[in-house]
Amino acid sequence: MEEKRYLTFALGKGRLANQTMELFEQIGITCEEIRDKNTRKLIFVNEAQKLRFFLAKGPDVPTYVEYGAADIGIVGKDTILEEGRSIYEVLDLGFGKCRMCICGPESARELLQHHEQIRVATKYPHIAKDYFYNKKHQTVEIIKLNGSIELAPIVGLSEVICDIVETGTTLKENGLAILEEVCPLSARVVVNQVSMKMENERITRLIRSLKAAIQ
Ligand code: PRP
């Protein structure tokens, strides 16, 4: 059957997009244009397979997918949790593995145990709020930052942080430690809810191939 409509993929810029394209190549989905590291193009097409790819900032991927501007998105679980969009999460790709953790100096450990009113710096206020309010039932003050979160407890902005830990190097080099683990994270495939119905066959086939490739 002829496949007329483009399937559009939104990929989180950076390492995630590169790993995704490597995986896609294993299942026969290629896009020559996207490999050109010097290009300023924003959208890449595979005419033969009727596929389009675009690169977006991670937090914007669920937005594009919710509104149907992309049928499929590849994005970290952290972003999915933080953005809380109405999208289907259909597959764990198994790469980009890391953990969302509450970190700080060892001295802050007991502040967490005694449910003290503390300040938590984070790029992920929704995840932090859900963890402290709904899971731990601890009232905290959440301070939103945009990066280099580990600075906050060092310079006295907050007692702890809620942040991603991958290798643990950033923590170690700054005299901080994991105090509690919030949840494991990795790259996920998300799908627009209407696309899932309208393009069910193509999307299901794609998910099945991806599953087989990562096993
Ligand atoms: C992430 C995260 C930690 C670091 C963890 O930051 O926020 O800072 O990586 O990695 P590690 O455990 O391997 O040291 P990122 O590099 O994305 O930059 P940011 O701090 O500006 O958000």
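Key figures for this structure:
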| item | result |
| --- | --- |
| Surrounding net charge for Gly12, when Lys and Arg each add one and Asp and Glu each subtract one, Cβ distance under 12 Å | +2 |
| Segment Lys50-Lys13, extension gain: residue separation times 0.36 nm, minus the distance between their alpha carbons | 11.2 nm |
| Total charge dipole magnitude, region 164-215, about the Cα centre, Cβ charges on Lys, Arg, Asp, Glu only, Debye to nearest 20 | 440 debye |
| Per residue solvent-accessible surface (Å²) - region 98-184, probe of 1.4 Å | 53 Å² |
| Check: region 98-184 dipole with +1 on Lys, Arg Cβ and -1 on Asp, Glu Cβ, in debye | 240 debye |
| Sites Thr39 and Lys129 - FRET efficiency at Förster radius 41 Å, r taken between beta-carbons, to 0.05 | 0.60 |
| Unit charges at the beta carbon, dipole of region 98-184: most positive-side option, Ile102, Asn146, Thr170 | Asn146 |
| Positive-end residue, region 1-128 charge dipole about Cα centroid, Cβ charges, pick of Gln49, Asn38, Val65 | Asn38 |
| Within straight-line cross-link reach of Lys77, aspartates and glutamates at Cα separation under 14 Å, skipping those fewer than 8 residues along the same chain | Asp60, Glu89, Asp92, Asp163, Glu166 |
| Cut-off of 10 Å, at most 16 other beta carbons, DSSP loop: longest stretch of the chain lacking such GluC sites (Glu not before Pro) | 48-115 |
| Where labels lie 7 Å past Cα in the beta-carbon direction, separation of Thr139 and Glu25 in nm | 5.5 nm |
| GNM top mover of Thr63, Thr79, Thr170 - the chain, alpha-carbon springs below 10 Å | Thr170 |
| ³J(HN,Hα) computed for each position of region 30-41 - Karplus, 6.51 cos²θ - 1.76 cosθ + 1.60, integer Hz, glycine/proline x | 10, 8, 4, 4, 6, 6, 6, 5, 8, 6, 9, 5 |
| Protein accessible area in region 43-177, 1.4 Å probe - carbon and sulfur % | 48 percent |
| Given charges at beta-carbon only (K, R positive; D, E negative), |dipole| of the chain in Debye | 500 debye |
| Inter-centroid distance (Cα atoms) of region 38-57 relative to region 107-141, Å | 40 Å |
| Isotropically averaged projected area of the chain, using the convex hull of Cα atoms (one quarter of hull area), nm² | 13.2 nm² |
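The values are calculated or read from the model by the stated rules, or taken from the named source; none is laboratory data. A quick note: this is a predicted structure, and the numbers were derived from the prediction, not measured. When we count neighbours, we look across all protein chains shown, and the Cβ atoms used for this are built from the backbone with ideal geometry, even at glycine. We work out accessible area using only protein heavy atoms, side chains counted, and drop any ligands, DNA or RNA first. Shrake-Rupley method; radii C 1.70, N 1.55, O 1.52, S 1.80 Å.
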